[in-house]
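Each remark here refers to the structure printed beneath this line.
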Amino acid sequence: MKIDVVNKESNVVDSVEINLPQKASNNKGVLFNRVTRTILMNNRQGTVKVKTRGEVAGGGKKPWKQKGTGRARAGSIRSPLFVGGGVIFPPRPKEYSLKVNKKEKKLAFLEAVVQRVQEGGFVVLDELKFDAPKTKEAYSMLKNLNIDKALVVLENNMRNEYLSLRNIGGISVKNIDSLNTYDLLRFKKIIMPKSVIEKINRRISDG
C-alpha cells in the first residue's frame, strides 16, 4: 500500500510503500486489549510500601497509665489511632507484570499499523531535520501540517529533532525501536520521516 510523502509545508512530493496484509484480523479488538494491558501493567513498578505498626519508630513505652486519666486505653503510640502510627492494611510491594505470546504481540502491532494507515493517520515527511534545537521551527511545521496532537517517531541519531519537539503540548516523541501497539492506538496521528517507514516494514516482516 502506498502512502503520500509530504514536506514541511504539507505539500505532497512523493509516495512510499508500506507492507500491509490484504486481510484484517477478525478478533483484533480482543488482541489489542491483551497486548495494551500487558504493556501498561509491565510499566507499573509495584514498589509502593507503607509501614505497619511493627515497622514505625518509637512506641516502646505506654503513653499513659491504664486507668484513672479519663482517656481511652492506649498501649503504644505506634497504634494506627495515633498520628505517625502504622497503617492497618498498608500497600506492599507487588509484581504486576504480565506475559503475551510473541505472535500475538507481532500481530497486534501489525493490526495497529493497518488501522492507522487506513484511517489516514500516518503523516510521512520527506525530511525531518533541524540544524539546531528550535522549538519555534517545530511548532511552525506542525501548524503547517494542521496537527495539534500527535506521536512523532524518530530514529536514534535525531537529537536536534527530539529537543525541538519534546516541549510542545500535545506532542509525544518516541524512538522507532521502542514503538509499540499502545502508542499507535493512543494517537490518531503518527508523524515520521520517510526513513522510518523502512524500519516499520522490516519490523512487520521480521517481527
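Out of R44, R116, report the one residue that is free of Cβ contacts under 8 Å to residues at least 60 places away in the same chain and either at negative phi or out of contact with any Lys or Arg (no Cβ under 7 Å at 6 or more places or on another chain) (or both). One residue alone meets the criteria, R44. Could you look through the range 160-180, keep only residues that are in contact (Cβ under 8 Å) with a residue 12 or more places away in the chain and assigned to a helix (DSSP H, G or I), and pick out the one that is farthest from K136 (Cα to Cα)? Among residues in the range 160-180 that are in contact (Cβ under 8 Å) with a residue 12 or more places away in the chain and assigned to a helix (DSSP H, G or I), the one farthest from K136 (Cα to Cα) is D177.
Scanning the range 108-139 for residues that are touching a helix residue (DSSP H, G or I) at 6+ places or on another chain (Cβ under 9 Å), crowded, with 16+ Cβ neighbours inside 10 Å and aliphatic (A, V, I, L, M) turns up A108, L110, A112, V113, V114, V124, L125, L128, A138. Restricting S76, S25 to residues that are modelled with pLDDT under 95 and out of contact with any Asp or Glu (no Cβ under 7 Å at 6 or more places or on another chain) narrows the list to S76.
Here is a check on your reading of the model: is L145 crowded, with 17+ Cβ neighbours inside 10 Å and of a type in the set (A, V, I, L, M, F, W, C)? Yes. Note on the range 185-198: among residues that are modelled with pLDDT of 90 or more and more than 22 Å from S10 (Cβ to Cβ), the one that is surrounded by the most Cβ atoms within 10 Å (Cβ to Cβ) is L185. Looking at the range 28-59, which of its residues are exposed (fewer than 11 other Cβ atoms within 10 Å of the Cβ) and assigned to a loop (DSSP other than H, G, I, E, B)? Selection gives N43, Q45, T47, G54, A57. When you look at T47, is it hydroxyl-bearing (S, T, Y) and either under 29 Å from the mean Cα position of the chain (by Cα) or at pLDDT below 90 (or both), yes or no? In short, yes.
Exactly one residue among K105, K62 is in contact with a helix residue (DSSP H, G or I) (Cβ under 8 Å, 6 or more places away or on another chain), more than 18 Å from I197 (Cβ to Cβ) and either assigned to a loop (DSSP other than H, G, I, E, B) or assigned by TED's automatic domain parsing to the domain that holds I176 (or both), and that residue is K105.
For the range 181-204, the criterion of being part of a helix (DSSP H, G or I), without any contact (Cβ under 8 Å) to a residue 12 or more places away in the chain and within 18 Å of the chain's Cα centre (by Cα) is met by no residue. Does the range 1-40 hold any residues that are closer than 16 Å to S195 by Cβ and β-branched (V, I, T), and which are they? Matches in the range 1-40: I3, V5, V6, V13, V16, I18.
The values are calculated or read from the model by the stated rules, or taken from the named source; none is laboratory data. Computed from a predicted model, the values in this text were never measured in an experiment. Glycine also receives a Cβ, built like all others from the backbone with ideal geometry; neighbour counts cover every protein chain displayed.
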